Structures are given as structure tokens and as C-alpha cells.
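J.: The structure follows.
The values are calculated or read from the model by the stated rules, or taken from the named source; none is laboratory data. All values reported here derive from a predicted model rather than from experimental measurement. Ideal geometry is used to build each Cβ from the backbone, glycine not excepted, and the neighbour counts take in all protein chains shown. The accessibility values were calculated without ligands, DNA or RNA, using every heavy atom of the protein model including side chains. Shrake-Rupley method; radii C 1.70, N 1.55, O 1.52, S 1.80 Å.
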Amino acid sequence: MKKNRNCFLGICSLLLILTGCWDVVNIEDRGFIIGNSIDLVDSANSDQPELLVTNQIVIGSGIPSAANEGGDKKAFINFKTTGKSIYKMEEEIATISNNTPFYEHLTTLIVSEKVAEKERLFTNLLDTYLRNVNLRRGIQVVIAKNEANKVLEYTTPDFPLPAMHIEEMLERGSRETGLLSPTTLGDIEEYQLNNNSYVLPYLELKDVLSYQAGAVFHGPKDKMVGLFNMDDMLALSLFRGEKTTKIIEAPFKDNTFTLQINRLNSTLNVDSSDISAIKINLTLEVEGIIKETFMTEDLSSQKVVESVQDEMSKEISKRIKETFTKAQKEFGTDVFRIWQELETKHYEKWQKIKDNWEEGEYYFKDAQLIVDVVTEIYSIGAINRTR
Amino acid sequence: MNPFPYSDEAISENELMFAIPSTIMGVSILSLPRKLALDTLYSDGWISLLLAGVFFAILAVIGTKVASKFPNQSYFSYASTLVTKPVAIGIVIIQIILFIGLSAFSIRSLAYISQQYLFEHTPMEVISLSFLLVVVYAVSGSRAGLFRLNVMFLPIILIVTIIIAVFNITWIDLKNFLPLFKTDMKGYIKGFQTSFEVYIGYSIVLFYVGLVNKPKKLTKKVIVGMSIPIISYIFIFFVTIGIYGNMVTANIELPSLGLAKRVDIPGGIFERIDTIFFTIWTMAIFNTASMLLDVAVLLITSIFKQIKKRIVTFILAPIIYYLVMLPQEIHQVQTASILLSQFMAYFTMVLIVSLFVIASIRGVGKNEKKS
Amino acid sequence: MVRSIMNRRKRKKNSQPQQHKYPQNLSKQLTSNVNNLKQILGEPHDLKIRQLKLGEGNITCAITYIDGLVDSKTVQVSILANLENAKQLPTEGKELFQHIYNKLLSVIHVEKGKTLDEITLPLLSGSTLLYIDGVETALIVDTSGGEMRSIEEPVTETLIRGPREGFIENLQTNLAIIRRHIKDPNLRFKTHQTGRRSKKNLVVAYVDGIVNPALVKEVERRLQSIDIDIVLESGYVEGWIEDSFLSPFPQIMNSERPDKVVAALMQGKVAILLEGTPFALLMPINFSNILQSAEDRYERWIIGTLLRGLRYFAAFLSIFLPALYVSLLTLQPGMLPSMLAFSIAASREGVPFPPLIEAFMMLFTMELLQEAGARLPQTIGQTIGIVGGLVIGEAAVQAGIVSPIMVIIVALTAISNFAIPAYSIAISFRIIRFGFLFASGIFGLYGIILAYIMVNIHFVNLKSFGVPYSTPFAPFFKRDFHDVIVRSPIHQIKDRPEYLQPQDTVSMDNQGEKK
């Protein structure tokens, strides 16, 4: 017992002596940085471009809550710094702000289109964020048209914090419309390490902040090469068989109707016997509900439904093909992740062509897509037809 | 005197069963998926992991057989019987150094990781000193108590690991596992060798079997004890690969911790589960460090019988602290750890096999017939 | 732990017992006997002496007793009246003595005493002495009684469902209550006397055939080492015989609930009951025992299990909550959900103290309130609760000294602490809570886990009468787990706890199967 006491007392007293509390920073003294945006300052010399980094710091008392009306106070401050090294700029914040900058609550990173279009710059920027162990891998990365720092000033009455608003918007948007799901820092790291092409959400601030397109990044070239519009995004989502609700409209005898896709099953088969003309077979099984029609046909009849289903299949396969052609011919990016299919199922072939897939020989450009869509309408809604 | 003989200093079979995984599972597993992902392709690392695990399980069983031929004898005494006293002293001294070094290494790694993940400015000296003091407190207590600590902490560690994995299930992409078996022989062997460092704790059977009270199904317990780390390692490796894929895993410093970083707890009570996970894992590292130190203490007291255990512990503490603070940078730590663990693995391997062969040939010990 | 007992033994040898002994024999003369008695006791006015002449021989005899300790009705009806109404009494002293002893006393327990020593102790315990002139032996008639508290519901351990009886200060009554629960002839009450001067009766209770005999031996060995002049409460005994007096954790459980004691006896534990206190001691115990309430077994098993889980959770909160709060606020704010972190930061705006000091202040205030509430009469005690809890809390927040969330944390901690069934462990939790608080103030979560490991190290090294405090977790007893975290259905609990190594391991004769 004596030994226990000695040790116990020894450790206790040591602990008490060691009241250095090196890392103790009270929560109210921390500047919670929730959003970062990166812009390019007009750069004459291209090898080390000058950057403008905006840090969004929360002002807790400005957030309206049950106890706290919020009042006229703004809920955030944006600190802007310019320089070449992101990390150095972030350290500078400490000198301007009266709070210790704290990055663990960083949720959104907005990168200006101009930065993304510069070769290798985007990847290098992300390195800073990935290297810091205190940052979450779940930080959402979006590309903004024009100036990214403006996006960090956009507020709505119910979302006083722009960075939070963007995060929420992307998550809800992807869940409900089935467009591209938000992409996190961790995902991008994976794409970049594998030299994959990928698509990031692309935001545009006009009157409202909206998510109108996807920014397509070319893996080997390591920069943004173009934009996917909303139709392309939908087609991409359909191609990948992402299990979210999607809404798609198709023409039917001069009119249109809208289908909400609830279940989606996509099967990809790649025939790599001829590597100069790889055949891609995509089979899509689509199940959905008719949500809206501009036609007069009675949907209770089997025949009408069948023809509607056919139209829908045609429409889907047309759209996928269009997008595929766009990605293939215009951007030369395999955002459909066909390479993964090759890698997992045709490993030996892939070893031969993997360096010439999106560059060099460009085998991807010669790939052919065959789409086979089966649409199943399992509900036509509450009524048969409208006059 | 004591109305409850089970609470005496002797340890039970079950406690030994728990002690084996507790000693084995420590800091190494946090970085292991990265190293394995570097050596092998896609998800193939598990084969190396499994093979190495089975290999060391067999060695552990052999070690148990040797030790259980000399019931109630200390390691030093039966080693002296087998290979003469001077040789045994030499072996034991090497082992003492190895165990002290490994214990110091785990404390250093813990201090390093916690400085990375939990602190920023707190000096590593303070972090490791406070941890070392707790380890010394544990080792200076009763040995049975140390084993009881293992029994208490191991389930917590395993449960938390499983919880983290379960929360991660939505993030697992099955495509990351494919294609299977594309690694060449060389990769597997390299992975096999890499896996040595996560299994070295198995050799505690040599020292503790003699202390086990009324062993009945010792071999079985040792096998069960060995299979716990094997299964959990493979599990952790699979989850890591499933979430990150081979490429990213190979790129993250501590993928097993990153695993926890990804978790979103439904309901959002806590964010950043990695902090909690690491905090819990501190318990695993504590178990490892204290068991390794205890082995060193046990060996020293078996040579110098007149010195008390507690005094040995108190003498060792500053030495360990010096060793902990010795390397300047993380690369030195890693190099030292690889050297130590590889040497330890081969040394113990040769030792156990030769002890077994000698014991079988000379037919000493309790069961004269070959086991 | 054994050593601490040994130390005490050594101390015992050194000290010179200064006990007044009166080995002198009684004389034949009644007056000198009575005077001797008076002299020893210092002629107290509560010593009643009634002299009377008996029979034709007019032999003087005296009845002495101490007022208040005896049941005066018994003295009157069973002794005095019998003596006075008796006829044909022998005329010679010795014969008269035998006659009275054999026939006249309608009291069950009568003894003979020959020395002053033999008679003073019973006298002081409530017996009535009967001297007869010319006889050098006195009759000791057990008439103990007097005023005592009636059996009431225990104040410290209230249950919603369960017997409404509690122990009282009278040992005989307490033993009787236990007997009423266990009508087993194997129930043993071994009486000891403790305290050089207090000479209180102390009963070691156990069920022979269940209990591990070595345990009883050990308990008695330790009891014999007790060497103090007065034993006021069972806490004195506990302090003497516990394993480690340095541990913040109790190693002996106390209870004033007979049902709890009976349940423990049936598990194979030993109980110690002391005269003059309603608190019985139960031993050995382990940590899981201490968080169990007697009610767990009275409610249905699902409820029992869930409530037990709730209590474990309460224990967790009670120890860790302030520490976690401080570490989340100072070192690991990244773990808080973003919006919560912002609102806490906003609510702490303008609070002058760092969270650690704030938490310490509030917890300290809470301790003060609890102590003040316990010391005051019950009616005022409630006022203290209101004044302290509501007024001070509200005012402190209004004044901006503490943040409102801190008040919530402290209140939650206090409430959790109240949910712990045993006061003795609840108070240890209050102690170690502060340890965790400081650890987290310095090292955050890392400090908490180090402190947790340290508590665990202490746990595994701590023993209660040889039973490791950490049983049945470690050493692991699989079968004991049906009544640790989960309270299994009553018919599933077949075995007595293995960690007690009982002689009779099974509590169901037919293994739960119907005949």
C-alpha cells in the first residue's frame, strides 16, 4: 500500500507542478475558421503565382439562436491575406485577428476557377490542407466562377454563415436532386494520387448562389479542363448508378413528362479484347414514378405506359451518350471511372494501357460506348390523366 | 492467509490469453496499413499479415511448449538448464535490452502521435514523462494487477475499434479491394517481413508461462490469444483499404487513425472521432509499454534475485526516459524501431526454435516424451 | 494490505491497556456488595437499588439495575412481583438462592455471577442483579430493554419497491429482522465485544455452508486486532479492518437495509452488525457491487437491467463530465460539432475565468451546498437546495461569472452523483472527479485517459478481504456476469458469485428445473 501511496502522491504532485497548460486556449479565444477561399491575384509570373486567401472566422454572438436574437451583428468576418504559401498566410491571420486561428472546424474550401485552371497549382494547394493532421478529410471542395472570396460573403436569412450554407446546400442538393455528390478533400486526394479525372461542384454567384455545373478536372494534366452542365451531371450520375433520387424529363409526342427515378441499377461491362477500340457496355435498369406530364394520354393503359417507358429509355441513353462524347472528345477525361472497371476486371490489359489511357496514346478517346436502358414505371401518381 | 487464492500473485490461463494480444497490439498497427499497402498491391496485404500471424502463433505455441516443460520455473532458470548458465545470462541480458528499448519506443511513439493529434505546443518531454510515470506506477504494483489491467482494457479497445469500423461501413468501397492476388511473391515476402514488427510481443509466453497457475489448456489459450491480434489486424487493414484504397492508405502517415477521422457519428454528438479513438488506443499502448517493461523487470529480478521488483522498476524508469528522449527526429525513431523489432523478431525466432530443439533432444523437463 | 493489519498489531503490543479490572469476588455481605457496586460506578443516580426481605427467614436481598436500560415492566412483573408473592420460601440463604434461581424468576435468561467483573458488564448492558444476603453469588437476570427507536424505513437508502424496514440501533432487533428473512439453521451470529471501554456487542453474521470458511476466519482475525476504547459506529470497525486505508474507494459496504444484508449473506458474504448503529457492514465487495441497488432484483429483469445501465452511465457522468467539458473547451474544441462549438464560444464571451477555474468554482460550490444541506435540519436543507441551486446559479450566470452551459454541466454532474445508490462510493466519485478535472485541465483528453488508467491500476491492486476490487471483470468470472451489467431474469441466476468462492455454489437446488 505504501508504494501505491508514494507513486500516487508523486504523480499527483508532478501533475500539479506541471501546470504549464501549454496548449490551453479557451474556446472563446479561438477564431473558428469555417471556410477558406483561394483566388488568384493577377499574376504576371506564372511559376509562383500570388494567391489571395480568405479565411472566414465565426463570431459566435452573431449567430441567431433561441437565446440570442443575433441582432444586426454579422456572424462572421472574412480575413484576406495575399502571398505565395497558404500556410504562411494562415499563420498571418493570427497577427490580424485577436483570436487564435483554429482550423479544425473548417468545412468548405472554395477555389476560384482561375486557380483550378492553372496546371498543378490546385494539387499543390491541397497539399497544405492534407498535410495538416488537424484538418478534417471531409472538407468540401468547390470551384467558384470568378472570384471565390465573394462566395464567402453570400448569406441567406436562415444561414448567417456562408461556409455552412454552402456545405448544407451541396449536401441537400445531392440528396434530393441526385446530382453529383459533394466531393471532399479526402476524395480528391484519392483521385490525385491515382491520377484520375474527376468532377467538382461548380458554384456561380449571380443574384443567388447556385450550383449550376460541374468542373471537370483532367487527371494527368492536373488542371480543370472544362464544365459539365446540369444535364451532363445528371447523365454522369446515372452512368455511375449513384443511388439517389433523380428527376429526369423526356419528350413524348411533342409533349414532355417527368420521371422521378427511385431505383437505379447500373452494370458496366468492358470488353478489352481490342485495346485500340475498347467496348463499354452499360446496362441501366431504371425504376421510377411519373411526377409530371404535359400530355393528354391516359397513363392507365398498358400500351401508353410501355411507350412512355421506351421514350424514357431512349432519352436516358441519348443523354448519357452525349455526355460521354463530350467527356471523351472535348475534355478527354474518364470521369466515368471506366479505368476502375479495367483495373479490377482486366488487370493485365490495364497494366499495359494505364499510362496511355487519358494521355499519350489516349486509348480512352477510342473507346466505344453502348448503352442499354430498361425503364420501369411502377407508379403513375394519383391520377391517370389531366385534360 | 488469503481467503481467495485466485487473487494471489499467480496469473490464470485466461489472463495470459488476454496478455498476449494486449502486449502485441500497440503503436505499430497505427501505421501498419500504410507499410503493407506500400509493399503489396490493392488489398493483398492481408495475406502477408495472416501468414506472419500464423507463423508467430506457431512460434508462440512452441515457446509455450518449451516453457511448460518447466512448470513453476522462471525463464532464466530453465534457460540455464537448457543452455548453461553463462549463455543464458547473455541471452537474458540481450532480451532485457530489447524489451527496455521496445518499451521506450512505444512511449516515444505515443508521445509523438499525441503531440500530432492532441497537442501542438506541449513538449514531448512532458507527454512522455507523464505516460512513463503511469507505466511505472502500474509495473511497480503487483504483476497479477498488471495482467488484470490487460483483461480490463483489451475488451474496451476491441469494442471501440469495432464501433469505429461499423460507423465506417458506409464509406467502404468494395472496388478498392479488387483485383485480388495481383502482388508478386516478392511483395508478399516484403509484407511478411514488415508484419514482423506488429507481432513481436508474442514472446512474452516464454517468460510468463512459468507463472501460470494450474495450466490445463495452455496451448489452446495461447492460440486464441494470438488469433485476437491477427484477426483485428486483418480487420483494420481491410477497413482501411476499403475506405481509402491502396494508394491513399500508402500515403497517409497513420491510416488506422485516419479511419476514425472519417467517421461521422449519427446525431453528431462528437466530431473528430479520431481523437477519442486515439485516446482509447492510448490504453492499448499503455498495456504494451507496461508489459514490455514488466518483462524486463521480471528478467532482471530473475538474475538478481535479491533486488526487489519495485526498486528495479524505479531504476529502469530514468533509463527508459533517457532512451525515449534520445532520438531527435521521427525518422530516427522509425529506423530504431525497425532495427529493434526486426532484430527482436529474428532473435526470438532462433531462440525459441533452438530452445525447443535442445529441450527435445536432451529430453529435459517435465514430460520426457517429446510433446 | 495484510501489512497494514500487521502494523496495527505491533502498535497494539506497544500500547499498555489501561483497563480497570475488578476481578475481586463478591462477598457474602449484601451491603458490602451493594456498596462495592456503588463505588465502582460512582454512585450514579440512575443505579436503582431496591432492598426487600424475603420469606420467613427475612433474608435481605437487593435488586439493582440501571434505570433506562432495563425494561421496567419485566423487572416489576417477572422479578419483583414473583418474589413478593412467593410463599414457602426457604429460610436459609443458599437454598433461597437456588429456589429463586430455579423457580421464581419468570425471565428466560438468568445467569450467575461470582466476581464484580462478571456482574458489572451485564448490569451496564441492561441486566438486573439480584443479591441475596449471605450468598456470594449474584443472579444476573436479563431484563434489557428500555426506550428504542421503532423500525422505520431507512433514510439513506430509499427504494420505490422493497421492504419498508430498516435496521435500528438495537442489535437484538436487527438480528431478529435478519432471522425473519433467513430461517435457515445454518445462519450464524458470532458475537464479539469491541471497544475496551464501550464493550459493545458486535455480531459477525454469515450462513454456514455457503460462506467461504477462510473468509470468516480472516474477518474474525481482523476483528480481534481491533484495539480502541470506544466503538461508536460501524465506521470505526470499518476503518480498522479495511484493506487499504489510503484508497478513496470503500472496501466494505455499509447498509441499513436488512434485505440488502440478507441478499449479501445468501451470496456468501459476511455481515457485521454493531450494537448502537443501524449501519451493518458487508464484506467483501467489489466495484460492481457498489453500483447495484437492492431494487434491481425487485423490479422485473428488463427494468432492473436498464436501471442498472442508467446507473453505470450516471457514474460515468459523475466522474468524467466536468473533466470532459473542460478538455473539450480548452484543448479539443475540434471534437464539438461546429454549431455547438460556436454557441458555446458565444455563451462564454465575457466570462472572466478559464473553463478549468470556472468548473472548479462551480463544483466546489456544489460540494458546499451538499454539505450544508446535509448538516441542516431537513426543512431548512431544502431551502439551501433552492437558494444554492437556483438563486446562486441564476445570479452567477446573470452576473457573467459563469457561462450557462457550465451551470448545466455542474447540475448534471450533481444529479448523476445522486443516482449512485451507495453514499460511500458516491463520495469517492466526488473526490476523484476533481482529480480528473485537473488532469484534463492540463492534458485534455490525454490527461483524462492517463488518470483513468491510474484509477484502474489502483483498482486492480486494491483488494477487499482478498477479493480484487476489479472482479468479476479481472480476474474474469464468466458466470458472475449474469448479475453485473445485465441483471438476468431471476431464474437464470443459478450460481452464487464465483469471486466469493462459496462452499455451496448453486443457489438453486434443482438447477432451476422443475421437479
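J.: Return only the number of the condition from (1) under 27 Å from B:Gly363 (Cα atoms); (2) in a helix (DSSP H, G or I); (3) touching a residue at least 12 places away in the same chain (Cβ under 8 Å) that B:Val87 does not satisfy.
T.: Every listed condition holds for B:Val87 apart from (3).
J.: On the basis of being open to solvent by 20 Å² or more (accessible area, probe 1.4 Å) and free of Cβ contacts under 8 Å to residues at least 40 places away in the same chain, does C:Phe418 make the cut?
T.: Numbers: open to solvent by 20 Å² or more (accessible area, probe 1.4 Å): yes; free of Cβ contacts under 8 Å to residues at least 40 places away in the same chain: yes.
Judged against the criteria, C:Phe418 is a match.
J.: Which of the residues belonging to segment A:357-371 are in a loop (DSSP other than H, G, I, E, B) and loosely packed, with under 13 Cβ neighbours inside 10 Å? Full working, then the answer.
T.: Applying the first criterion (in a loop (DSSP other than H, G, I, E, B)) to segment A:357-371 yields A:357-362, A:367.
The one that is in a loop (DSSP other than H, G, I, E, B) and loosely packed, with under 13 Cβ neighbours inside 10 Å: A:Gly360.
J.: To continue, here is another question. Can you tell me which residues in segment C:64-91 are out of contact with any strand residue (DSSP E or B) (no Cβ under 8 Å at 6 or more places or on another chain), open to solvent by 50 Å² or more (accessible area, probe 1.4 Å) and part of a loop (DSSP other than H, G, I, E, B)?
T.: C:Lys87, C:Gln88
J.: Among C:Gly441, C:Gly447, which is open to solvent by less than 10 Å² (accessible area, probe 1.4 Å), touching a Ser or Thr at 6+ places or on another chain (Cβ under 6 Å), part of a helix (DSSP H, G or I) and of a type in the set (Gly, Ala, Ser)? Please lay out each step first, then the result.
T.: On the way: C:Gly441 fails: touching a Ser or Thr at 6+ places or on another chain (Cβ under 6 Å).
None of the others qualify; the one that does is C:Gly447.
J.: State yes or no: is C:Leu307 away from every other protein chain (no Cβ under 14 Å) and either at pLDDT 90 or above or under 30 Å from A:His165 (Cβ atoms) (or both)? Break it down into steps so the answer makes sense when it comes.
T.: Values: away from every other protein chain (no Cβ under 14 Å): yes; either at pLDDT 90 or above or under 30 Å from A:His165 (Cβ atoms) (or both): yes.
For C:Leu307, the condition - away from every other protein chain (no Cβ under 14 Å) and either at pLDDT 90 or above or under 30 Å from A:His165 (Cβ atoms) (or both) - is met.
J.: OK, next. Within the bounds of segment C:220-227, is there any residue that is farther than 22 Å from C:Glu498 by Cα, away from chain B (no Cβ under 14 Å) and more than 18 Å from the chain's Cα centre (by Cα)?
T.: Checked against the condition, which is being farther than 22 Å from C:Glu498 by Cα, away from chain B (no Cβ under 14 Å) and more than 18 Å from the chain's Cα centre (by Cα), segment C:220-227 yields at least one hit.
J.: Among the listed residues C:Ile490, C:Ile427, identify the single one that is in contact (Cβ under 8 Å) with a residue 40 or more places away in the chain, surrounded by fewer than 22 Cβ atoms within 10 Å (Cβ to Cβ) and hydrophobic (A, V, I, L, M, F, W, C).
T.: Details: C:Ile427 fails: in contact (Cβ under 8 Å) with a residue 40 or more places away in the chain.
After ruling out the rest, the residue left standing is C:Ile490.
J.: Follow-up question, since we're still on this one. Under 8 Å between Cβ atoms, at least 6 apart or on separate chains: pull out the pairs that start in segment B:168-195 with a residue that is within 14 Å of another protein chain (Cβ to nearest Cβ) and open to solvent by less than 40 Å² (accessible area, probe 1.4 Å) and end on any residue that is part of a loop (DSSP other than H, G, I, E, B) and at pLDDT 85 or above.
T.: Here the result reads B:Thr183/B:Thr40; B:Thr183/B:Asp44, each pair linking segment B:168-195 to a residue that is part of a loop (DSSP other than H, G, I, E, B) and at pLDDT 85 or above.
J.: Restricting to segment C:34-63, name every residue that is aliphatic (A, V, I, L, M) and either out of contact with any Gly (no Cβ under 7 Å at 6 or more places or on another chain) or open to solvent by 30 Å² or more (accessible area, probe 1.4 Å) (or both).
T.: First, the residues of segment C:34-63 that are aliphatic (A, V, I, L, M): C:34, C:37, C:40-41, C:47, C:49, C:52, C:54, C:59, C:62-63.
If the condition is that a residue be aliphatic (A, V, I, L, M) and either out of contact with any Gly (no Cβ under 7 Å at 6 or more places or on another chain) or open to solvent by 30 Å² or more (accessible area, probe 1.4 Å) (or both), then C:Val34, C:Leu37, C:Ile40, C:Leu41, C:Leu47, C:Ile49, C:Leu52, C:Leu54, C:Ala62, C:Ile63 are the ones that fit.
J.: Looking at (1) closer than 17 Å to B:Thr279 by Cα; (2) within 14 Å of chain A (Cβ to nearest Cβ); (3) not small (Gly, Ala, Ser), find the lone condition where C:Leu321 falls short.
T.: (2)
J.: Pull up segment B:297-313, narrow it to residues that are in contact with a Ser or Thr (Cβ under 7 Å, 6 or more places away or on another chain) and in a helix (DSSP H, G or I), then point me to the one that is most open to solvent (accessible area, probe 1.4 Å). So that I can check it myself, show each step before the final result.
T.: Going through segment B:297-313, the residues in contact with a Ser or Thr (Cβ under 7 Å, 6 or more places away or on another chain) turn out to be B:297, B:302, B:307, B:309-310, B:312-313.
So of that shortlist, the ones also in a helix (DSSP H, G or I) come out as B:297, B:302, B:309-310, B:312-313.
Details: B:Val297: 0, B:Ser302: 13, B:Lys309: 45, B:Arg310: 83, B:Val312: 8, B:Thr313: 0 Å².
Among those that are in contact with a Ser or Thr (Cβ under 7 Å, 6 or more places away or on another chain) and in a helix (DSSP H, G or I), it is B:Arg310.
J.: Here's something else I'd like to know. Is there a residue being open to solvent by 30 Å² or more (accessible area, probe 1.4 Å), farther than 30 Å from B:Ile280 by Cα and hydrophobic (A, V, I, L, M, F, W, C) anywhere in segment B:82-89? Outline the logic, then answer.
T.: First, the residues of segment B:82-89 that are open to solvent by 30 Å² or more (accessible area, probe 1.4 Å): B:84-87, B:89.
Subsequent filtering for residues that are farther than 30 Å from B:Ile280 by Cα retains B:84-87, B:89.
Still in the list and also hydrophobic (A, V, I, L, M, F, W, C): B:87, B:89.
Yes, segment B:82-89 contains at least one residue that is open to solvent by 30 Å² or more (accessible area, probe 1.4 Å), farther than 30 Å from B:Ile280 by Cα and hydrophobic (A, V, I, L, M, F, W, C).
J.: Looking at the structure I just gave you, is A:Tyr347 surrounded by fewer than 19 Cβ atoms within 10 Å (Cβ to Cβ), of a type in the set (Ser, Thr, Tyr), modelled with pLDDT of 80 or more and over 25 Å from A:Ile247 (Cβ atoms)? I'd like the intermediate steps shown before the answer.
T.: On the way: surrounded by fewer than 19 Cβ atoms within 10 Å (Cβ to Cβ): yes; of a type in the set (Ser, Thr, Tyr): yes; modelled with pLDDT of 80 or more: yes; over 25 Å from A:Ile247 (Cβ atoms): yes.
Yes: the conditions hold for A:Tyr347.
J.: Inside segment A:82-195, counting only helices (runs of 4 or more DSSP H) that do not spill past its ends, which hold 3 or more residues that are free of Cβ contacts under 8 Å to residues at least 40 places away in the same chain and away from chain C (no Cβ under 14 Å)?
T.: Details: elements: A:86-96, A:113-117, A:121-131, A:148-151, A:162-177, A:185-194.
The helices (runs of 4 or more DSSP H) meeting that bar are A:86-96, A:121-131, A:185-194.
J.: Condition first: facing chain A (nearest Cβ under 7 Å) and not in a helix (DSSP H, G or I). Now tell me which residues in segment C:327-350 satisfy that.
T.: C:Leu331, C:Arg348, C:Glu349 - these are the residues of segment C:327-350 that are facing chain A (nearest Cβ under 7 Å) and not in a helix (DSSP H, G or I).
J.: Only one of A:Ser273, A:Ser300 is in contact with a Lys or Arg (Cβ under 9 Å, 6 or more places away or on another chain), more than 26 Å from A:Ile380 (Cβ to Cβ), in the same structural domain as A:Thr375 (by TED's automatic domain parsing) and not charged (D, E, K, R); which? Quick ask: steps written out before the conclusion?
T.: On the way: A:Ser300 fails: more than 26 Å from A:Ile380 (Cβ to Cβ).
A:Ser273 is the lone residue from the list that is in contact with a Lys or Arg (Cβ under 9 Å, 6 or more places away or on another chain), more than 26 Å from A:Ile380 (Cβ to Cβ), in the same structural domain as A:Thr375 (by TED's automatic domain parsing) and not charged (D, E, K, R).
J.: Among (1) touching a Gly at 6+ places or on another chain (Cβ under 9 Å); (2) at positive phi, there is one condition C:Pro284 misses while meeting the rest; what is its number?
T.: The number of the failed condition is (2).
J.: In addition: Run down A:Thr333, A:Thr375, A:Thr325, A:Thr344 and say which single residue is out of contact with any Pro (no Cβ under 9 Å at 6 or more places or on another chain) and part of a helix (DSSP H, G or I). Reasoning before the result, please.
T.: On the way: A:Thr333 fails: part of a helix (DSSP H, G or I); A:Thr375 fails: part of a helix (DSSP H, G or I); A:Thr344 fails: out of contact with any Pro (no Cβ under 9 Å at 6 or more places or on another chain).
Exactly one residue qualifies, and that residue is A:Thr325.
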